[in-house]
Amino acid sequence: MGTEHDVQIISAPTDENPFAVIYKPAGLASAPLQEGGESALTAAARLYPCILQVAGKKQAEHGLVHRIDTDTRGLLLIASTQESYRRLLAFQKEGRFRKEYTALCQPVRDCWKLLGGFPMPPEDTESISVCMEKHTISSLFRPYSVRGSQVRPVTSLSGKAAVKKSGKKQYSTEICIDRQMSAHCFLSEGYRHQIRCHLAWVGFPIKGDRLYNPRRLPGDDFQFCASALVFPHPLTGKDVEIRI
């Protein structure tokens, strides 16, 4: 395992495995936010320049297939060849990726009201931390706040203005929260801030979340990690599972 500016290389790119899996620390962007900016991708590319030969959807992102928020720590997936990138994107569109996140939650009654802009939560919210079984939370999403720095779920209970601003795709998060407020969250395809927003919506914002936890205290660390990733191997199609 190699490191570059606190980025850890979990799986290095090779001819047999044309992709890199890296661990990104909290506070570092997945891809450059501006030209010449530092990011997990650029740190990995210094170790493996082949990453820069891949043309991505955005020039600065190259072969970045799975990214996470700057505030979040955890796993990223980067294709190291153009063909690997194409196949991994196709697998992702087919819903064959499985992403797992872990979080420490902080119960906040009526969190959705305190934050504003949310529709009424799903009816079974009260049972989420009692039965400790998986619950599925689903919604559309829309940008919210200054320059769209946050997002909000959109349902049939949202106002017409919110519905008009939302996308047309439904996103689902499976969550399981134990009595110690430790949450395991699963999704196959995600929207920006999806898990953070869904947890806050049902009254269990992540501890230390500066955007979605109205009870966050100064100095609280953000307790959120992209802890596992399952995806088809771009050459064989067999599932690759990586956990930290």
Query raised in the report: Accessible area per residue, 1.4 Å probe, Å², for the chain: what's the number?
Result: 51 Å²
Requested in this report: Calculate, for A60 and E133, the FRET efficiency according to 1/(1 + (r/R0)^6) with r their C-beta to C-beta distance and R0 45 Å; round to the nearest 0.05.
Outcome: 0.65
Report summary line: Among the Cα-Cα pairs of the chain, the proportion with separation greater than 30 Å, in percent, is 28 percent
Requested in this report: Mind pulling the angle between the C-alpha long axis of helix 82-93 and the longest principal axis of the chain? Nearest 10 degrees, somewhere in 0 to 90.
Outcome: 20 degrees
Query raised in the report: Under the rule of -39500 (n - 2.57) per DSSP H run of 4 or more residues, summed and divided by the residues of the chain, what mean residue ellipticity at 222 nm is obtained, to the nearest 500 deg cm²/dmol?
Result: -4500 deg cm²/dmol
Report task. Compute the length gained on full extension between R96 and E16: take 0.36 nm times their separation in residues and subtract their Cα-Cα distance, giving the result in nm to one decimal. Result -> 26.8 nm
Query - Contour minus Cα-Cα distance for D6 and R243 (0.36 nm per residue) - result: 83.5 nm
Report summary line: Carbon plus sulfur, as percent of the 1.4 Å-probe accessible area of the chain, comes to 50 percent
Report task. Write out the trypsin sites (Lys or Arg not before Pro) in the stretch 46-104 meeting two conditions: DSSP loop, and at most 13 other Cβ atoms within 10 Å of their Cβ. Result -> K57, K58
Query raised in the report: Once amide H atoms are placed 1.01 Å from N in the peptide plane, what residues at a sequence separation of 5 or more from A29, or on another chain, have their amide H within under 5 Å of its amide H?
Result: A40
Query raised in the report: Loop-only check: which trypsin sites (Lys or Arg not before Pro) in the stretch 190-220 are DSSP coil with at most 16 other Cβ within 10 angstrom?
Result: R192, R210, R215
Query - DSSP beta bridges in the chain [antiparallel fraction, %, rounded to 5] - result: 95 percent
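Given 37 °C and 0.692 mPa s, compute D for the stretch 100-244 with the Stokes-Einstein relation, Rh being the Kirkwood radius over Cα pairs; round to the nearest whole µm²/s. Walk me through the numbers on the way to the answer.
Details: Rh = 15.9 Å.
Translational D for this selection: 206 µm²/s.
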Requested in this report: State the extension gain, in nm to one decimal, for the chain segment bounded by S145 and K164, taking 0.36 nm per residue of separation less the distance between their alpha-carbons.
Outcome: 5.3 nm
Report task. Express in whole angstrom the spacing between the alpha-carbon centres of the stretch 32-110 and the stretch 146-189. Result -> 21 Å
Report summary line: Of the stretch 131-163, those with amide N under 18 Å from the point 7 Å along the Cα→Cβ vector of D220 are 150-151
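The values are calculated or read from the model by the stated rules, or taken from the named source; none is laboratory data. Not measured: the values here are computed from a predicted model. Positions of Cβ are generated from backbone atoms using ideal geometry, with glycine treated the same way; all protein chains shown enter the neighbour counts. Just the protein is used for accessible areas: all its heavy atoms, side chains included, with ligands, DNA and RNA removed. Shrake-Rupley method; radii C 1.70, N 1.55, O 1.52, S 1.80 Å.
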